[in-house]
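The next block holds one structure in the form of structure tokens; read it before the comments.
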Amino acid sequence: MGLNTPEIGEEGYEEAKEFVNKICLGKEVKLDVDDREQHDRYYRILAVVYVNNTNLNEKLLRGKLRRNNVYPPSEFNPYEWKADYPSIFGSFKGTIKRFYDMIVHRVFTPSCPGTEGHSEFIVFNYPDGTELANATWNGYSNGDYHWIEFDEPFKLKKNVNYTYEIKTGSYPKYIHNHTLKTSGEEITCIEFVDANGKVHHDWIPAIKLE
């Protein structure tokens, strides 16, 4: 739970296999099965693995011998295992005010190292709530998966407080502040609801507009 180790033939498989064998081989293993979602879509058991009271999932995360994955809803949050990235996917609502006019064609979402973090959907609204523009992620197989492209470019005008929403996927980078001010814009977090339903007011997805 909270990770996806490399498959046979993939980069890192032998290292991960050796790591797990060294910890688990010949020892008693206990599973803490997820109370909220017991199986994934392939009917694999979702659980945290313990060996002599050691959290194997956490060790794999810390050792960077995995790709990151979470199957919501879940009682577990890998961030709480103090891994090296404060990230999880969820739904963000916030405001953005540009300091100068900008024509937006697409949005870039950076990933945490070793992950496939991205945004799956984004919508910008006028101050009165009327929709200005929206775009949907095209998946991993269509070029650089970090980008979401709009069908038609649109303008964000100077000193207008627009609202926007983002549905993030996997483990994108976040700025852990309530407000973020750059040379081009000011962003405020209204709320970020993570995959486990926890509400945050200081998680802003790190996006770049072009």
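Just so it is clear, none of the values below were taken in a lab; they were calculated from the coordinates. Bear in mind the structure is a predicted one, so any value in this text is a computation, not a measurement. Neighbour counts run over all protein chains shown; Cβ positions are idealised from the backbone, glycine included.
Numbers for the structure displayed
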{"quantity": "Spatially proximal lysines relative to Lys155 (Cα-Cα < 21 Å; intrachain offsets below 8 disregarded)", "calculated": "Lys93, Lys97, Lys181, Lys208"}
{"quantity": "Taking the convex hull of Cα positions in the stretch 121-172, its mean projected area over all directions (nm²)", "calculated": "4.3 nm²"}
{"quantity": "Set of aspartates and glutamates with alpha-carbon distance to Lys198 below 16 Å, sequence-local pairs under 8 removed", "calculated": "Glu75, Glu80"}
{"quantity": "Spatial extent of the stretch 147-210: Rg and Dmax, with the Cα atoms as the point set, Å", "calculated": "12.8, 36"}
{"quantity": "Equivalent-ellipsoid semi-axes of the stretch 90-209, from the Cα gyration tensor, Å, largest first", "calculated": "21, 18, 13"}
{"quantity": "Sorted by Cβ neighbour density within 10 Å, fewest at the top, the residues Thr136, Thr109", "calculated": "Thr136, Thr109"}
